[in-house]
1. If you go through the range 21-31 one residue at a time, do you hit one that is modelled with pLDDT of 85 or more and more than 24 Å from L150 (Cα to Cα)?
2. Of everything in the range 29-63, what is among the hydroxyl-bearing types (S, T, Y) and either outside any helix (DSSP H, G or I) or closer than 23 Å to G152 by Cβ (or both)? Give them in sequence order.
3. Take the residues of the range 108-126 that are in a loop (DSSP other than H, G, I, E, B), within 12 Å of A35 (Cβ to Cβ) and of a type outside the set (F, W, Y): which is modelled with the highest pLDDT?
4. List, please: which pairs have Cβ atoms under 6 Å, are six or more places apart or on different chains, and start with a residue in the range 5-28 that is in contact (Cβ under 8 Å) with a residue 12 or more places away in the chain and over 18 Å from I154 (Cβ atoms) and end with one that is among the hydrophobic types (A, V, I, L, M, F, W, C) and surrounded by 12 or more Cβ atoms within 10 Å (Cβ to Cβ)?
5. For the range 124-167, what are the residues that are without any contact (Cβ under 8 Å) to a residue 40 or more places away in the chain, among the aromatic types (F, W, Y) and surrounded by 11 or more Cβ atoms within 10 Å (Cβ to Cβ)?
Amino acid sequence: MDEKLKRLRVDAALMIVLIAPYFLNDIVYASQPSAGLWLAIDYLTKVFALGVIFMVPRFRCYVGQSLRDLELPSQGSFFQFLVVSLLAAIGFILMTFVYHLVYRPLLIVIPDTHLFSYPEIMFKPLYWFDLSFGLALTAVAEEFTSRSVLKGVIERYTENKFVIIGL
């Protein structure tokens, strides 16, 4: 078998193992009425993803490289701040329009089309734990998965920036 094809298959299999729990997690969410069980599944998914990343040497290298490449924004980046703020505002406005012009009328016509809602966390210490630790765990796991590992794997096969950005 061609070495490049073999490497592609191994990378694809590893990426499926890394990314599949994120999708399965969303399916399991829909059936969890309990906030505690819901959070446990969420945290286990993120810890599993981090475990896969740090068990695969190449994935560890991608994370290390992305951490080494971090830079603080240069001075005089006020224009960039304005552009990002404008794009965020446009995105928020578009989401609001979609909510009011598509989703709400759809709820009237087909009431069972409501979006998934998370179970409310009634126990305040658990709420604050999730808001701090849970948010940080999600940020680290998803950044390492998407910005480090996925980007690193894609760059092995193409240098086309549009493909990298698009995926």
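1. So far as the range 21-31 goes, no, none of its residues is modelled with pLDDT of 85 or more and more than 24 Å from L150 (Cα to Cα).
2. Passing the criteria: S31, S34, T45, Y62.
3. Ranking the qualifying residues of the range 108-126, first place goes to M122.
4. P21/F48; V28/I41
5. Y127, W128, F129, F133
The values are calculated or read from the model by the stated rules, or taken from the named source; none is laboratory data. Keep in mind the model is a prediction, meaning the values are calculated, not measured. Counting neighbours? That spans all protein chains shown, and the Cβs are built from the backbone with ideal geometry, glycine included.
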